[in-house]
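Novice: This is the structure, below, for whatever I ask next.
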């Protein structure tokens, strides 16, 4: 009879790869959030300009 199958643990290399993957996912999520936020701000600015207002840049800078 043979013993238990050998453990398939790659040690520190696997841990580093998992950490790198986690960091990459976090960075991509952050970039996605920033991109959608930028697009939303541009949409609000365009809606303001389309309504005929001339003070849209000032409104956008104050966050109103």
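Novice: When both residues are 6+ apart or on different chains and their Cβ atoms are under 6 Å apart, which pairs have a first residue that lies in the range 1-30 and is loosely packed, with under 10 Cβ neighbours inside 10 Å, and a second that is at pLDDT 95 or above?
Specialist: That search, which allows pairs on different chains as well, returns nothing.
So that you can scan it fast, the table gives a plain yes or no per residue for (1) at pLDDT 95 or above; (2) touching a helix residue (DSSP H, G or I) at 6+ places or on another chain (Cβ under 6 Å); (3) on the phi > 0 side of the Ramachandran plot; (4) part of a helix (DSSP H, G or I):
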| residue | (1), (2), (3), (4) |
| --- | --- |
| 4 | no, no, no, no |
| 7 | no, no, no, no |
| 16 | no, no, no, yes |
| 20 | yes, no, no, yes |
| 23 | yes, no, no, yes |
| 34 | yes, no, no, yes |
| 40 | yes, no, no, yes |
| 54 | no, no, no, no |
| 60 | no, yes, no, yes |
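The values are calculated or read from the model by the stated rules, or taken from the named source; none is laboratory data. As the structure is a prediction and not an experimental result, all values here were calculated from the model. Positions of Cβ are generated from backbone atoms using ideal geometry, with glycine treated the same way; all protein chains shown enter the neighbour counts.
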